[in-house]
Amino acid sequence: MHRFVKIISFLILSVISFPEVKAQNGYGSGYLIKHDFDTLTGKVKDRRGDPFARLYKKIRFKRNGVFVKKYGPRKIKGYAMGENIFESHWIQVNSILFRTEYLSQENLGKKYFLKVKENGYLTY
């Protein structure tokens, strides 16, 4: 009887956790915007899964199937995954002792994906 309860418990846990296992591939619905402003919709993955989660330097993009293509910040203007929107921008980092400066200017430094928190004109 005790063994029967263990088997039933295992089967119930397996069935309940199956959808989670399938969803752990890390791809979410989204789109990317190419430099010619062409928008491609599909599935986007921008970070490694647990336990060593971190952002990729190049996003993974699937469209209509299982073929995966990688896009870096130099190849596209930006992308969205779910509610999160990312744009590619030029960033130069200057560090002197304990002071770090970030400068964003066209063709200066490296291109990075930056998450859009607010959109609009900057005033001060």
Scanning region 82-109 residue by residue, the ones that are loosely packed, with under 11 Cβ neighbours inside 10 Å, of a type in the set (D, E, K, R) and either assigned to a loop (DSSP other than H, G, I, E, B) or under 23 Å from the mean Cα position of the chain (by Cα) (or both) total 2
Restricting region 10-40 to residues that are under 22 Å from P51 (Cβ atoms) and in contact with a strand residue (DSSP E or B) (Cβ under 8 Å, 6 or more places away or on another chain), the one modelled with the highest pLDDT turns out to be G28
For region 91-102, pairs from a residue that is within 21 Å of F113 (Cβ to Cβ) to a residue that is among the basic types (K, R), with Cβ under 7 Å and 6 or more apart or across chains, are I91/K110
Note on region 49-66: residues at pLDDT 80 or above and either on the phi > 0 side of the Ramachandran plot or assigned to a loop (DSSP other than H, G, I, E, B) (or both) are R63, N64
Per the filter on region 67-81, residues outside any strand (DSSP E or B) and at pLDDT 90 or above are G72, P73, R74, K75
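The values are calculated or read from the model by the stated rules, or taken from the named source; none is laboratory data. Everything numeric in this text was worked out from a predicted model, so none of it was measured. A quick note on method: Cβ atoms are made from the backbone with ideal geometry, for glycine too, and the neighbour counts reach across all protein chains shown.
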